[in-house]
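To keep things clear, I will list the structure first and then write my remarks on it.
Nothing in this text is a laboratory measurement; each read-out follows from the coordinates by a stated rule. Since the structure is predicted, the reported quantities are computational estimates derived from the model, not experimental observations. Heads up, the Cβs are rebuilt from the backbone with ideal geometry, glycines too, and the neighbour counts pull from every protein chain shown.
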Amino acid sequence: MAEIKDIEEPEAADEDRFAEINPVTGAARSDGKEHLDLAAAIVLFCVSIFSIILACGYYVRSKKVFYASPGLMPVIIASGIFLLALSLMLQSLKGSSIKERFGQVIDAIPRGIKSRRFLNTAAALCMFWVYIFLLLRFLPFWIASLILLCAVFVYLKASTLIKCIIIAGCSIGGIVLLFQVAFRVPLP
């Protein structure tokens with residue numbers, strides 16, 4: 001018969017850690033990586049501003065009133081991202097100066113580029129670049145997608161090569177059957 005153990009009470013350090021969590025945002029970073037929040041906020045600022053400018057171009061080209069143009073929803077979403085980035089930036093700057101945080105970001109860049117996570121991200125972006133700009137341009141959708149899915153499985157070492165090909169084939173076959181045959185949705 002298994003023994004029932006008493007539930008241990010959390011230590012005071014755990015309670016202090018949870019007390020620091022902001023109830024509005026649900027997050028508080030006290031692990032020394034606030035500079036990463038600043039870097040993410042800067043990237044989000046750039047993305048949101050670019051999206052707003054692009055969406056305003058949609059509005060101008062559509063020659064409709066703004067609330068009926070195709071640029072309305074992207075402006076709303078990008079504005080929300082802008083406000084969230086502002087909130088993240090202000091939160092990352094608590095207890096420090098902008099100069100200090102930028103210095104931490106600059107110091108972290110070489111370590112980040114050498115990290116395994118960055119290399120995996122770069123490999124994934126390269127695979128999707130090849131898929132979008134080369135494979136889809138010259139091959140039918142199902143062949144290009146099969147090649148991509150097999151490449152991802154092999155890169156992630158999901159299983160043996162034969163199993164990866166079988167799983168990728170079944171997945172792409174299911175997508176083609178579902179969308180092109182059952183729903184009659186044209187695939188790229």
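Worth a mention:
- Added length on full extension, which subtracts the Cα-Cα distance from 0.36 nm per residue, Ser79 to Ile109: 8.0 nm
- Measuring against 26 Å, Cα to Cα, the residue pairs Lys33/Lys157; Lys114/Lys157; Lys114/Lys163 contain Lys33/Lys157; Lys114/Lys163 as the ones spanning a longer distance.
- Peptides 68-81, 108-121 ranked from most to least packed give 68-81, 108-121, packing being the mean of other C-beta atoms within 10 angstrom over each peptide's residues.
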